[in-house]
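Input: a single structure, listed below in structure tokens.
The values are calculated or read from the model by the stated rules, or taken from the named source; none is laboratory data. What you see is a predicted model, and the numbers here were worked out from it, not measured in a lab. Backbone-built Cβ (ideal geometry, glycine too); neighbour counts: all protein chains shown. These accessible areas exclude ligands, DNA and RNA; they are computed on the full protein's heavy atoms, side chains included. Shrake-Rupley method; radii C 1.70, N 1.55, O 1.52, S 1.80 Å.
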Amino acid sequence: MTQTGMVSGGRLTDLVSLGVLASWVPRDAVDDAVEVTGRGARRAGGKLPPHVMVYFVMALALFADEDYEEVITRLAGTLQVWGCWDDGWEVPTSGGICQARQRLGPGPLEELFGQVAAPVAELDTAGAFLGPWRLMSVDGMERDVPDTAANRAFFGSKAGSEGPAAFPKVRVVTVSECGSHAAVAAAMGPAAGGKGSGEQALARRLYPRLEEDWLLLADRNFYSWTDWRAAAGTGAALLWRVKSSLRLPVLQALGDGSWRSVLVSPRIDSRSAARAALLAAAGRGEDLDEDQARYVRVIEYQVPDRDGAGKDERIILVTTITDFRQAPAAVLAQAYHQRWEHEGGNAQLKTYLRGPGRVLRSQSPAMAEQEIWGYLLTHYAISALTCTAATNAGIDPDRVKFKRTVRIIRRQAGDPAFSP
């Protein structure tokens with residue numbers, strides 16, 4: 001894409017105005033999600049049936065600065081184009097829209113995301129693959145929600161040296177495609193802590209969705225023996241950073257500077273005879289009980305000119321790719337830094353859609369969760385659109401400016417950017 005907004009075959013505005021986003025969140029998937037979650041319309045002829053409200057929640061992410069009535073007015077223009085808005089209807093009041101959101105709940109949006117969110121990069125998408133593996137990453141972020149009694153009771157409040165935080169926070173962990181920034185799996189919970197709401201616990205809910213042709217990148221906060229075993233058990237390849245305190249014995253030095261090692265269950269005492277016997281068996285290359293230990297390959301390096309606190313910091317990666325001929329150490333070290341694409345995707349969600357430092361609008365926990373699922377769906381659709389446009393143009397999707405794309409979509413609000 002050039003600075004004038006051109007892509008191969010025409011302007012990006014043309015792609016948006018033709019309703020390309022509809023192909024990523026189609027009406028039939030919306031209807032299926034509504035039916036599966038039991039949120040179908042209670043009466044015929046209602047002005048705000050469930051499928052309209054699903055697209056309305058997505059539209060809230062596009063028009064974060066607008067009130068309910070303005071957003072539904074913009075959406076009504078799109079629905080009229082598709083023949084899905086009765087000419088006799090009037091734009092509902094904010095109170096009516098709020099009640100319709102509550103009737104819908106978060107379930108259909110969560111179900112819909114699970115149905116439609118899938119990797120979108122092609123084999124020729126720049127930065128999307130390493131050999132046979134699709135580059136994926138897992139990471140978390142936090143979002144501020146309004147400081148209502150209900151939100152603070154549910155999400156809690158982080159306390160610092162100056163007292164409780166100004167706003168309750170939601171923690172969201174996603175698995176995303178590095179090449180497109182598109183999140184394909186997500187879980188959320190209170191950021192203030194509590195059982196099951198930490199980054200590791202939320203990520204644990206996502207590992208069963210990994211695919212065998214993925215290479216999952218993760219920062220050192222995500223490693224534990226339990227989680228490594230769960231993620232590796234899916235058949236996906238893993239490349240995770242670990243803390244320097246993790247014991248990684250050298251079983252065999254390899255020609256690319258990496259070494260074969262073994263991860264051992266923490267249930268086996270480090271000073272026990274059982275551990276010594278297990279390491280001896282690993283040194284001989286014997287088959288190991290995977291509930292007790294797993295073979296890995298280790299890559300260690302430094303970034304000596306890195307600014308800030310990370311200067312001269314050791315970076316230690318472990319991977320399930322034990323044959324260095326499939327992916328040499330230098331290649332994996334370079335691939336690991338594609339994990340930062342996830343940070344870029346999080347910034348798109350938090351800054352370019354909602355706005356920097358802005359608090360979500362929902363006053364209750366269920367509506368906050370619904371709103372976040374709407375953001376995830378809208379971000380997914382935009383990411384899929386830009387990745388497809390960039391791939392067709394033969395350029396890196398990073399060159400298609402997300403903020404510019406959002407502005408274009410907002411300007412084209414009267415066209416069918418969303419399918420009814």
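Miscellaneous remarks
- With all protein chains modelled, accessible area of Cys98 [1.4 Å, Å²]: 50 Å²
- Distance between the range 129-161 and the range 203-252 - C-alpha centres, whole angstrom: 20 Å
- Modelled label positions at Ala118 and Arg209, each set 7 Å beyond Cα in the direction of Cβ, lie 1.4 nm from each other.
- For the peptides 283-291, 252-260, 374-382, the ranking by packing is 374-382, 252-260, 283-291, with the highest mean count of neighbouring Cβ atoms within 10 Å listed first.
- Among 128-137, 342-351, 180-189, 63-72, sorting by the average number of other beta carbon atoms lying within 10 angstrom of each residue, highest first, gives 180-189, 128-137, 342-351, 63-72.
- With both residues required to sit in the range 159-268, DSSP beta bridges show an antiparallel share near 75%.
- Leading residue at positive end of dipole, the range 163-239 (Cβ point charges), from Ala237, Ala185, Leu202: Leu202
- The range 309-377 - accessible surface per residue (Å², probe 1.4 Å): 40 Å²
- Nearest-0.05 FRET efficiency for Arg325 and Ala274, computed from C-beta distance (R0 35 Å): 0.60
- Förster-model FRET efficiency, 25 Å R0, Arg27 and Gln200, C-beta, rounded to 0.05: 0.10
- Signed unit charges on C-beta, dipole axis of the range 100-140, positive-most listed residue Gln102, Gly140, Thr125: Gln102
- Taken about its Cα centre, the range 118-175 carries a charge dipole of about 240 debye when Lys and Arg each add +1 at the Cβ and Asp and Glu each add -1 at the Cβ.
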